[in-house]
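Worksheet for the structure shown next.
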Amino acid sequence: MAAVALARLGYDSSADLMRTYANSPVGDLRLMAVEAGAAGNPTGEWVNVATGVLQDPDPLVRLRAAELLLQHAADPGAAGAVFAQALGDTNPAMRFAAARRLDHIPATALERDLPTLRKLLRDQSPLVQIEAAGGIVRIAGGM
């Protein structure tokens, strides 16, 4: 975490460590290494790293990669499918984890998932219902 913070502050001494993290077999480390370079760089090398993490065995890591790509990538590609899959997962905890991230996803990316959001309004979890309603309001331009 300290190396990531130093990299975000622009210290060159942490650059080698960030390259090591970006090539790690651990998806969380790869995402940690590229998050700092994502904002304002929609086509950078980080996109390839984050896209690779969409195949991680951990569904929460895949969801985090999808969120990062949907937020910052010029062409998020498969990230939308991973995010939609998480929103429709049979596991209520996974649906809630995805729904909690809706406020970080640009409204233009959410528009493609409007049918999924409408379905989530009928979810058994009131927390998922609230997050879905918030996403729909953002699409409508209310937030």
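The values are calculated or read from the model by the stated rules, or taken from the named source; none is laboratory data. Bear in mind that the values here come from a model prediction, so they are computed numbers and not experimental data. Glycine also receives a Cβ, built like all others from the backbone with ideal geometry; neighbour counts cover every protein chain displayed. Note: areas computed on protein heavy atoms with side chains; ligands, DNA, RNA excluded. Shrake-Rupley method; radii C 1.70, N 1.55, O 1.52, S 1.80 Å.
Excluding G141 itself, what net charge comes from residues whose Cβ is under 15 Å from its Cβ, given Lys and Arg +1 and Asp and Glu -1? Neighbour charge sum, excluding G141 itself: -1. Per residue, the accessible area of the chain comes to 55 Å², computed with a 1.4 Å probe over protein heavy atoms only.
Rounded, prolate or oblate: pick one for region 1-46, where a ≥ b ≥ c are the square roots of the eigenvalues of its C-alpha gyration tensor, a/c under 1.5 means rounded, and failing that, prolate if a/b is larger than b/c, else oblate.
Numbers: a/c = 1.71, a/b = 1.03, b/c = 1.66.
In terms of gyration-tensor shape, oblate.
With a Förster radius of 41 Å, plug the Cβ-Cβ distance of A2 and R112 into 1/(1 + (r/R0)^6) and report the FRET value to the nearest 0.05. The partial results should precede the final answer.
Details: r = 38 Å, r/R0 = 0.93.
Plugging the Cβ-Cβ distance into 1/(1 + (r/R0)^6) gives 0.60.
Name the chymotrypsin sites (Phe, Trp or Tyr not before Pro) in region 1-87 that are in a loop by DSSP and that have at most 11 other C-beta atoms within 10 Å, would you? Listed in order of number, the matching sites are Y11. Considering only L29, V82, V137, the residue lying farthest towards the positive end of the dipole of the chain is V137, judged by Cα position with unit charges set on Cβ. Once Cα extents along the principal axes in Å is calculated for the structure shown, the corresponding label among (i) 52, 43, 36; (ii) 63, 44, 39; (iii) 50, 30, 25 turns out to be (iii). The alpha carbon gyration tensor of region 59-143 gives principal lengths a ≥ b ≥ c with a/c of 1.5 or higher and a/b no greater than b/c, which makes the shape oblate. Residues whose amide H lies under 5 Å from that of N41, counting only those 5 or more places away or on a different chain, are absent; hydrogens are built 1.01 Å from N in the peptide plane.
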